[in-house]
Every structure is written in structure tokens, then in C-alpha cells.
1. So which residues in the stretch 53-71 are among the hydrophobic types (A, V, I, L, M, F, W, C), assigned to a loop (DSSP other than H, G, I, E, B) and either within 14 Å of residue 86 (Cβ to Cβ) or touching an Asp or Glu at 6+ places or on another chain (Cβ under 7 Å) (or both), if there are any at all?
2. Do any residues in the stretch 6-31 that are in a loop (DSSP other than H, G, I, E, B) have Cβ atoms under 8 Å from those of residues that are basic (Lys, Arg) and open to solvent by less than 100 Å² (accessible area, probe 1.4 Å), where the two are at least six apart or on different chains, and which pairs are they?
3. For residues that are outside any loop (DSSP other than H, G, I, E, B), closer than 13 Å to residue 71 by Cβ and of a type in the set (A, V, I, L, M), tally how many sit in the stretch 32-52.
4. Out of the stretch 36-79, which residues are touching a residue at least 24 places away in the same chain (Cβ under 8 Å), within 12 Å of residue 21 (Cβ to Cβ) and either exposed (fewer than 15 other Cβ atoms within 10 Å of the Cβ) or touching a helix residue (DSSP H, G or I) at 6+ places or on another chain (Cβ under 6 Å) (or both)?
5. Exactly one of (1) modelled with pLDDT of 50 or more; (2) part of a loop (DSSP other than H, G, I, E, B); (3) among the small types (Gly, Ala, Ser); (4) over 17 Å from the mean Cα position of the chain (by Cα) is unmet by residue 125. Its number?
6. Failed condition for residue 29, given (1) within 26 Å of residue 157 (Cβ to Cβ); (2) open to solvent by 20 Å² or more (accessible area, probe 1.4 Å), with all others met?
7. Output the residues belonging to the stretch 146-176 that are of a type in the set (A, V, I, L, M, F, W, C) and either assigned to a helix (DSSP H, G or I) or open to solvent by 70 Å² or more (accessible area, probe 1.4 Å) (or both).
Amino acid sequence: MTEKTPKLGGRDRFQPADFSIQRFAAKVPAEITLKDVLHPEFFSNHLDKMKPGMEITVLSDDNKLDVRLRVLSVTSSTASLRVLDDYSQAEETNAKQDGAKATKAAKAPAKAKQDGEQGNEGGEGAGDTEGKLSLEDLKVSHGGPHHNWRFAHGDKVIEHGFGSKADAEAAAEEYVKKANG
């Protein structure tokens, strides 16, 4: 017996995202925190524009708070929100290295990668351990599209989908061991 594959029905179920979801941006003062933004009354002056399913990108004046939110429900005085992505702790991808690290990294010869070997470029501490990857080069964080624990090297997510910070840290340690042989 063959199983029938479900199909997405109706014209209202498949539309251009900007029409269906709506995306808004909120520029907030530097002292506003994620906790403030998630408070049910934070967007109370804008509830007439909000609807469930829409996205709000929140960026502070100093660019330290940088999050994408999903509106879950709207009442006459409050809005319920969920964090989709939190980039607040992300490092700059083109930040200048401090003088000592920049000099040392510039003098260190580039090590040719063998098949299956991970490089150590771009991460914090690059060039500090004679081509060896250290745990300090990896960053454990929470977020992403599925809002789970993950670890990254530089700006590249290596593994994601962990249920706890401890699980992500343990996997990061194993990754370092394997990368260093």
C-alpha cells in the first residue's frame, strides 16, 4: 500500500514572504536589553501594525543588541514574541587584530592543510599554538534558526543542534582533539 504524500493547499498558504509575514525594523536606544524588548508591553505603541507571524529586526544605536523576533500573538495592550536569531554576541568578521597578534600572525607561515584537516584561520588565537586548534578558538553559543546550542570557529558554525551548553562544550572539546590528531 502506498502512502499518500501531503501537499500544501490553498493560495493563502504559499505567498511572497513580505506580503504574508511582513518585516519591520526597530531601532532602539543603546541601553535597551533583550529582556526589555521581549517584555509584552515593549511594542505597545505599535500594536496596530503588528500581526502574528511577522518578523521584527531589532538593532540598538550602538549595534550591540541585534536580534530577529517573531510575533506570536497580539492583544489590545501586549505582544508575545519569540527570538529567532540573536546576533548580539557575534564577533565582527573583519575586525582588526591587536598589534601583537597581527604581527605574530603575519610572520607565521601558512600551514598547508592535509585532507580532512581543519585550518585555524580567522579564529581568536590564530597562529598562537603553532598551527594547533585550541578550545579558546571555538565559541559556544545559543541561537540560529532552530534556537539551539552550537559551536563555531571564527564566523563558521561547525556543529549545531545541541540541547544544552554542556553538550555543545563537550562536542567542541572532541572536535579540538580530532582536529589536532
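The values are calculated or read from the model by the stated rules, or taken from the named source; none is laboratory data. The shown structure was predicted, so the numbers you read here are calculated from the model rather than taken from an experiment. Note: ideal-geometry Cβ built from the backbone for every residue, glycine included; neighbour counts use all protein chains shown. Note: areas computed on protein heavy atoms with side chains; ligands, DNA, RNA excluded. Shrake-Rupley method; radii C 1.70, N 1.55, O 1.52, S 1.80 Å.
1. Passing the criteria: only 65.
2. Short answer, once both residue conditions are applied: 22/51.
3. The total comes to 3.
4. Once the filter is applied, which keeps residues that are touching a residue at least 24 places away in the same chain (Cβ under 8 Å), within 12 Å of residue 21 (Cβ to Cβ) and either exposed (fewer than 15 other Cβ atoms within 10 Å of the Cβ) or touching a helix residue (DSSP H, G or I) at 6+ places or on another chain (Cβ under 6 Å) (or both), the stretch 36-79 yields 51, 53.
5. (1)
6. Of the numbered conditions (1) within 26 Å of residue 157 (Cβ to Cβ); (2) open to solvent by 20 Å² or more (accessible area, probe 1.4 Å), the odd one out for residue 29 is (1).
7. 166, 168, 170, 171, 172, 176
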